[in-house]
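**Student:** Pasting in a structure now, in structure tokens, and then I'll have a few things to ask.
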Amino acid sequence: MAINNSVTQLNIHQSIVPSTKGDSLPRKINFKIEQPIKYSQQVEEVRNLLKHVEGEPLKPVDMVDVLHKLCINHHFEEEIDSILKTHYTKISNGHVSNHDQSLYEVSCNFRILRQEGYYVPADVFARFKQKNGIFLEEMAEDVKGLMALYEASQLSIEGERILEEAADFSSHALKEMMPFLDEDEAIIVKNTLEHSYERTPSTFMVKKFIKHYSGTTMSQLAEMELAKLQALHRTEVTQISRWWTELGLAEELKLARSQPLNWYLWPMTSLADPSLSEQRLELIKPIALIFIIDDIFDIYGTLDELVLFTEAVIRWDINSLERLPYHLRICIEALYNITREISDKIYKKYGFNPIEYLKRTWINLCEAFLVEAKWFASGHLPNADEYFRNGIVSSGAEVVTVHMFFLLGCATNEDSATIIKDNPGITFCLAKILRLWDDLGSAKDENQDGHDGSYVTYYMRENEGCSLENAHGHVMSMISNTWKQLNKECLSPNKFSSPFIKACLNLARMGGNNIHHNFARNT
């Protein structure tokens, strides 16, 4: 399957995402890096701004939204938490009524609270409907309100019919309006429909929001933050490139992918907080191994060798590799060493060694790869459900989320460690979304050699007369329904930490935004 490295559809500025063309280092940033003292002053100015608006009913929540959009929210987590808790309590106790609020205000409040895990009932939108159940006709002329309603509808969970209707109504009305809008408005509407805030990593939109809020104290801080972050990314890229070269796998496995900067997009986007540099540098390692092991199953190994490879991962014993050819043996040794090193670092930092949990994810992944290799070798064509169940595992999402869970310090003992095993919902939804998006891409790839298969292909084979367009529509519906499940999994109360939930959501957002490379299946 072809990796889609294009980021032009999102107009992502290179000061956020390092250039992956030729795996060269990113070009210099545009923003001047300010002196630390000026930076600290800007942080305090914004903090004072937050305190100043705390007494008003809506403005604090609006400011929380701006902080998130400008990717500077990590400086003000305590203030944000206080603002949202206070506002949610007022709503829950009936002290804040939505009857005097506009469609835009109700939609924004709904979206912001749900994005942060607070459950707000969908019936807050009921007053915008007529007695016959149809949304009020005058809403069809409210561009700002419709865009906010559409954004809010992306936070729906299963069974919320009113939000499904809101998504249909708002998207249809906005499309009808577009020919009559000026060019700038039309572009904004188009971007909203194609890349809603909830489904797009905020990192990729920060330049747009800095421009939108230009001249404000918050945008000035965001510019400095952006400059600092890009400099940090350049440093991380240098370290990753050095690590990858010293590892030596690219030299030994010349047909396998060697794209450390492409892979870096995943930890860079999922672990967006600048303070998580160490975690990003560790997470790139299992992600790189997923791609390399996938190439071994696709390119290097005979079926007998792949069986031995999988057995070696299951045994996890360095003394059991003598029957493997050299190029497979060095990959297994790298897997053992990297997993042990990551586990040791986590143990030293948090007091718990997660190696057994990490090993289990690698075993599951290799077993799923082996199932696919056996299908291809035998000429067996699985049915769509059979392929999809296995494909959820071979997506590699479990490997990545379990590593993230421990790297973020979510477990300090065995009891807390079992949370990731006993609550697989978020990982399962993430894997489904990534697998389906990847298979949509592979179905369109003219160079696809057929080794990996595609859910679209198997679905069309089982449904005689089904067109490619209809199959795509079916898959898009599956993705939409899975997002509803993921939205529900992320609501409070939740056993997972906020950083872990946000990291998983960012991974899911990578899926449909034209830079998606499935963790383990693309070439």
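**Student:** Residues in region 182-204: is at least one open to solvent by less than 50 Å² (accessible area, probe 1.4 Å), more than 28 Å from the chain's Cα centre (by Cα) and aromatic (Phe, Trp, Tyr)? First the steps, then the outcome.
**Tutor:** Keep residues of region 182-204 that are open to solvent by less than 50 Å² (accessible area, probe 1.4 Å), which gives 186, 189, 192-193, 195-198, 200-204.
So of that shortlist, the ones also more than 28 Å from the chain's Cα centre (by Cα) come out as none.
Checking region 182-204: not a single residue is open to solvent by less than 50 Å² (accessible area, probe 1.4 Å), more than 28 Å from the chain's Cα centre (by Cα) and aromatic (Phe, Trp, Tyr).
**Student:** Residue 174: within 26 Å of residue 491 (Cβ to Cβ), open to solvent by less than 50 Å² (accessible area, probe 1.4 Å) and either at pLDDT 95 or above or part of a loop (DSSP other than H, G, I, E, B) (or both), yes or no? Let's see the steps before the verdict.
**Tutor:** Working: within 26 Å of residue 491 (Cβ to Cβ): no; open to solvent by less than 50 Å² (accessible area, probe 1.4 Å): yes; either at pLDDT 95 or above or part of a loop (DSSP other than H, G, I, E, B) (or both): yes.
No, not satisfied.
**Student:** Output the residues belonging to region 64-111 that are charged (D, E, K, R) and either within 26 Å of the chain's Cα centre (by Cα) or under 23 Å from residue 213 (Cα atoms) (or both). Let's see the steps before the verdict.
**Tutor:** Of the residues in region 64-111, the ones charged (D, E, K, R) are 65, 69, 77-79, 81, 85, 90, 100, 105, 111.
65, 69, 77, 78, 79, 81, 85, 105, 111 - these are the residues of region 64-111 that are charged (D, E, K, R) and either within 26 Å of the chain's Cα centre (by Cα) or under 23 Å from residue 213 (Cα atoms) (or both).
**Student:** Could you please tell me which pairs satisfy a Cβ distance under 6 Å, a separation of 6+ or placement on different chains, a first residue in region 338-364 that is touching a residue at least 24 places away in the same chain (Cβ under 8 Å) and over 23 Å from residue 246 (Cα atoms), and a second residue that is open to solvent by 40 Å² or more (accessible area, probe 1.4 Å) and in a helix (DSSP H, G or I)?
**Tutor:** 361/398; 363/314; 364/393
**Student:** For residue 160, state whether it is under 20 Å from residue 65 (Cβ atoms) and either aromatic (Phe, Trp, Tyr) or open to solvent by less than 50 Å² (accessible area, probe 1.4 Å) (or both). First the steps, then the outcome.
**Tutor:** Details: under 20 Å from residue 65 (Cβ atoms): no; either aromatic (Phe, Trp, Tyr) or open to solvent by less than 50 Å² (accessible area, probe 1.4 Å) (or both): yes.
Considered against the rule, which asks whether it is under 20 Å from residue 65 (Cβ atoms) and either aromatic (Phe, Trp, Tyr) or open to solvent by less than 50 Å² (accessible area, probe 1.4 Å) (or both), residue 160 comes out as no.
**Student:** On to the next question. For residue 51, all conditions in the list (1) of a type outside the set (Val, Ile, Thr); (2) modelled with pLDDT of 85 or more; (3) more than 19 Å from residue 491 (Cβ to Cβ); (4) part of a helix (DSSP H, G or I) hold save one; what is the number of the exception?
**Tutor:** Against the list (1) of a type outside the set (Val, Ile, Thr); (2) modelled with pLDDT of 85 or more; (3) more than 19 Å from residue 491 (Cβ to Cβ); (4) part of a helix (DSSP H, G or I), residue 51 comes up short only on (2).
**Student:** Among helices (runs of 4 or more DSSP H) lying entirely in region 354-465, which contain 2 or more residues that are more than 25 Å from residue 308 (Cβ to Cβ)?
**Tutor:** On the way: elements: 355-378, 384-394, 397-407, 414-422, 425-444, 455-462.
By residue number, 384-394, 397-407, 414-422, 425-444, 455-462.
**Student:** Have a look at 409, 425 and point out the one that is more than 18 Å from residue 486 (Cβ to Cβ), surrounded by fewer than 19 Cβ atoms within 10 Å (Cβ to Cβ) and at pLDDT 95 or above. Quick ask: steps written out before the conclusion?
**Tutor:** Values: 425 fails: more than 18 Å from residue 486 (Cβ to Cβ).
One residue alone meets the criteria, 409.
**Student:** Do you know which of the residues in region 249-292 that are in contact with a Leu (Cβ under 9 Å, 6 or more places away or on another chain), of a type in the set (Gly, Ala, Ser) and without any contact (Cβ under 8 Å) to a residue 60 or more places away in the chain is farthest from residue 71 (Cα to Cα)?
**Tutor:** Of all residues in region 249-292, those in contact with a Leu (Cβ under 9 Å, 6 or more places away or on another chain) come to 249, 256, 258, 261, 266-267, 269-272, 274, 276-280, 282-283, 285-286, 288-290, 292.
Within this subset, residues satisfying the condition of being of a type in the set (Gly, Ala, Ser) are 256, 258, 270, 272, 277, 288.
After this cut, where a residue has to be without any contact (Cβ under 8 Å) to a residue 60 or more places away in the chain as well, the list is 256, 277, 288.
On the way: 256: 35, 277: 16, 288: 27 Å.
The residue in question is 256.
**Student:** Quick one: what pairs do we get from region 229-248, first residue more than 15 Å from residue 267 (Cβ to Cβ), second assigned to a helix (DSSP H, G or I) and of a type in the set (A, V, I, L, M, F, W, C), C-beta under 9 Å, 6+ apart or different chains?
**Tutor:** 247/288; 247/334; 247/338; 248/330; 248/334
**Student:** Okay, moving on. Yes or no: region 373-382 includes at least one residue that is farther than 28 Å from residue 432 by Cβ and open to solvent by 10 Å² or more (accessible area, probe 1.4 Å). It would help to see each step written out before you state the result.
**Tutor:** Going residue by residue through region 373-382, those that are farther than 28 Å from residue 432 by Cβ are none.
Scanning region 373-382 turns up no residue that is farther than 28 Å from residue 432 by Cβ and open to solvent by 10 Å² or more (accessible area, probe 1.4 Å).
**Student:** Can you tell me which of 73, 98 is closer than 28 Å to residue 40 by Cα, polar (S, T, N, Q) and without any contact (Cβ under 8 Å) to a residue 60 or more places away in the chain?
**Tutor:** Numbers: 98 fails: closer than 28 Å to residue 40 by Cα.
Among 73, 98, only 73 is closer than 28 Å to residue 40 by Cα, polar (S, T, N, Q) and without any contact (Cβ under 8 Å) to a residue 60 or more places away in the chain.
**Student:** Another question about this same structure. Tally the residues that are among the acidic types (Asp, Glu) and open to solvent by 90 Å² or more (accessible area, probe 1.4 Å), restricting the search to region 234-256. Please lay out each step first, then the result.
**Tutor:** Initially, region 234-256 is screened for residues among the acidic types (Asp, Glu), giving 236, 246, 251-252.
Remaining after also requiring open to solvent by 90 Å² or more (accessible area, probe 1.4 Å): 246, 251.
Of the residues in that region, 2 qualify.
**Student:** Further question: Within region 307-358, how many residues turn out to be more than 19 Å from residue 400 (Cβ to Cβ) and among the small types (Gly, Ala, Ser)?
**Tutor:** Total satisfying the criteria: 3.
**Student:** Kindly indicate which of 357, 336, 387, 347 is open to solvent by 30 Å² or more (accessible area, probe 1.4 Å), modelled with pLDDT of 95 or more and touching a helix residue (DSSP H, G or I) at 6+ places or on another chain (Cβ under 8 Å). Spell out how you get there, then give the answer.
**Tutor:** On the way: 336 fails: open to solvent by 30 Å² or more (accessible area, probe 1.4 Å); 387 fails: open to solvent by 30 Å² or more (accessible area, probe 1.4 Å); 347 fails: touching a helix residue (DSSP H, G or I) at 6+ places or on another chain (Cβ under 8 Å).
Exactly one of 357, 336, 387, 347 is open to solvent by 30 Å² or more (accessible area, probe 1.4 Å), modelled with pLDDT of 95 or more and touching a helix residue (DSSP H, G or I) at 6+ places or on another chain (Cβ under 8 Å), namely 357.
**Student:** What are the residues in region 85-123 that are part of a helix (DSSP H, G or I) and either acidic (Asp, Glu) or open to solvent by 30 Å² or more (accessible area, probe 1.4 Å) (or both), if any? Show your work before the answer.
**Tutor:** Quick first cut of region 85-123, residues part of a helix (DSSP H, G or I) only: 85-92, 103-115, 122-123.
Result: 85, 86, 88, 89, 90, 91, 92, 104, 105, 115, 123.
**Student:** A further question on this structure: Consider only pairs whose beta carbons are under 6 Å apart and that are at least six residues apart or on different chains; among these, list those whose first residue lies in region 374-385 and is more than 19 Å from residue 299 (Cβ to Cβ) and among the aliphatic types (A, V, I, L, M) and whose second residue is open to solvent by 70 Å² or more (accessible area, probe 1.4 Å) and modelled with pLDDT of 90 or more.
**Tutor:** 384/462
**Student:** Identify all residues within region 194-215 that are touching a residue at least 40 places away in the same chain (Cβ under 8 Å) and part of a loop (DSSP other than H, G, I, E, B); write none if there are none.
**Tutor:** Hits for region 194-215 are 195, 196, 200, 201, 213.
**Student:** Still on this model: Somewhere in region 129-141, is a residue assigned to a helix (DSSP H, G or I) and farther than 24 Å from residue 189 by Cβ? Even if it seems obvious, please write down each step before you answer.
**Tutor:** Our first condition is that a residue be assigned to a helix (DSSP H, G or I); within region 129-141, this holds for 137-141.
Checking the rest, the ones that are also farther than 24 Å from residue 189 by Cβ come to none.
Looking through region 129-141, none of the residues is assigned to a helix (DSSP H, G or I) and farther than 24 Å from residue 189 by Cβ.
**Student:** Which residues, taken from region 301-325, are outside any helix (DSSP H, G or I) and open to solvent by less than 50 Å² (accessible area, probe 1.4 Å)?
**Tutor:** We begin by selecting, within region 301-325, every residue outside any helix (DSSP H, G or I); these are 301-302, 316-317, 321-325.
Result: 301, 316, 321, 324, 325.
The values are calculated or read from the model by the stated rules, or taken from the named source; none is laboratory data. Note that the structure is predicted; figures quoted are calculated from it, not measured. Counting neighbours? That spans all protein chains shown, and the Cβs are built from the backbone with ideal geometry, glycine included. These area figures cover heavy atoms from the full protein model, side chains too; ligands, DNA and RNA do not enter into them. Shrake-Rupley method; radii C 1.70, N 1.55, O 1.52, S 1.80 Å.
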